[in-house]
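Working notes, beginning with the structure itself.
Bear in mind these aren't lab numbers, they're just calculated from the coordinates by the rules spelled out. None of the values given here were measured: they were computed from a predicted structure. For neighbour counting, all protein chains shown are included, and Cβ atoms are generated from backbone atoms with ideal geometry for every residue, glycine included.
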Amino acid sequence: MYYYIENKKIYIDETKKPFGKGSEGRVYRQQNQLYKIYEPSAIYEFGHNKLHCHQYLIGIPTKQINLPNAILFNEDGSYAGYRMDLIPGEQKANLRVGISQMPSPVFINNLKILEQDLTLLAKYQVVASDIQPVNYIYNQQAQQMHIIDPGRYAIHHDVTNQEQNLIQFKSLVNQLIYNDIVFYKPLKGKAKLQKLRDYIVAAKQDELDSAFFERELQDFETPHTYFKSLERYLH
């Protein structure tokens, strides 16, 4: 089908297998850009005007949260979706592992950047949504953690936006840590791995993830070696 973007007419071959597909719509790849095309029923999902929100997100200078860079319109001028940069990384959500293998300073820096990005969004009155492994990409070559797919982000004039955004991020980090624990197995036995996950979640509950790991990883080359060291605390 034909669409308009930045006052130019483009063709997206929707007979081909999409790059990605979800409850909201389909994503097609052209070179290093992705085009998210919405199902008509999803454009006003939860009462939010997605066109208004996605136009608003363009230009907010996040570093590792992938936001729209242009709006896509149907030939009749109605809203169709948006364009965003392609982030290289594992496409299968259950295989998006590797954060525990990063050098500790790199891991901590990634946490800081994403926390700063989410704080910045809150300053723009944006509430992030769907921050979970399916909307996360790890660029292993660059050793960068990215949050993708802002399709359900919303604009709320609320002072609690920052708190909400960071709570969601903490939940994401908890899930990513558990994915790595299960995949790389720093300890032997499923029960110990679950206890390890629970111990880490409880230990860092009341502070930013970056602050917690900056303190705890001082003497460890990687998060993985730190996870291994925690066995003595598990009973």
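Would you mind putting 76-82, 20-26 in packing order, based on average other-beta-carbon counts within 10 Å, highest first?
76-82, 20-26
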**Report entry** Per-residue HN-Hα couplings for segment 54-60 [Karplus 6.51, -1.76, 1.60; θ = phi - 60°; Hz; x = Gly/Pro]
**Finding:** 5, 5, 5, 6, 4, x, 5
Query raised in the report: Over the chain, what is the relative contact order in whole percent, taking alpha-carbon pairs under 8 Å and six or more residues apart?
Result: 17 percent
Report task. Working from Cα positions, state the angle (0 to 90°, nearest 10) between the long axis of helix 104-123 and the longest principal axis of the chain. Result -> 40 degrees
Requested in this report: Could you tell me how many degrees, from 0 to 90 and to the nearest 10, lie between the Cα long axis of helix 161-184 and the main elongation axis, the longest principal axis, of the Cα atoms of the chain?
Outcome: 60 degrees
Report summary line: Convex hull around the C-alpha positions of the chain: the volume in Å³ per residue is 134 Å³
Requested in this report: For Tyr82, list long-range residues whose amide hydrogen, built 1.01 Å from N in the peptide plane, is under 5 Å from its own amide hydrogen.
Outcome: Lys36, Leu72
Requested in this report: Quick one: which residues, 5+ away or cross-chain, put their amide H under 5 Å from the amide H of Gln33? H built at 1.01 Å from N.
Outcome: Leu86
Query raised in the report: Rounded if a/c is under 1.5, else prolate if a/b beats b/c, else oblate: with a ≥ b ≥ c from the C-alpha gyration tensor eigenvalues square-rooted, which is segment 93-233?
Result: prolate
Query raised in the report: So how many Lys-Lys pairs in segment 2-85 land under 26 Å Cα to Cα, not counting same-chain pairs under 8 apart?
Result: 19
Report task. For Lys192, go through the lysines and keep the ones whose alpha-carbon is under 27 Å away, minus same-chain ones fewer than eight residues off. Result -> Lys92, Lys170, Lys204, Lys228
Requested in this report: Provide Thr225, Thr15, Thr62 in ascending order of the number of other Cβ atoms located within 10 Å of each residue's Cβ, fewest first.
Outcome: Thr15, Thr225, Thr62
Requested in this report: Report, in debye and to the nearest 20, how large the dipole of the chain comes out about its Cα centre when Lys and Arg carry +1 and Asp and Glu carry -1 on their Cβ.
Outcome: 740 debye
**Report entry** Net charge, Leu166 excluded, C-beta distance under 11 Å - Lys, Arg +1, Asp, Glu -1
**Finding:** -4
**Report entry** Three-way shape label, segment 86-151, alpha-carbon gyration tensor, a/c 1.5
**Finding:** oblate
Query raised in the report: From the backbone phi of segment 77-82, what are the Karplus-calculated ³J(HN,Hα) couplings (6.51 cos²θ - 1.76 cosθ + 1.60, θ = phi - 60°) in whole Hz, Gly and Pro given as x?
Result: x, 7, 5, 10, x, 8
Query raised in the report: To the nearest 10 degrees, how steep is helix 190-203 against the longest Cα principal axis of the chain, on a 0 to 90 scale?
Result: 80 degrees
Requested in this report: DSSP loop (so not H, G, I, E, B), at most 10 other Cβ within 10 Å: list which trypsin sites (Lys or Arg not before Pro) in segment 157-235 pass both filters.
Outcome: Lys188
Requested in this report: Mind giving me the nanometre distance, one decimal, between the label points for Ala42 and Ala191, set 7 Å out from Cα along Cα→Cβ?
Outcome: 4.3 nm
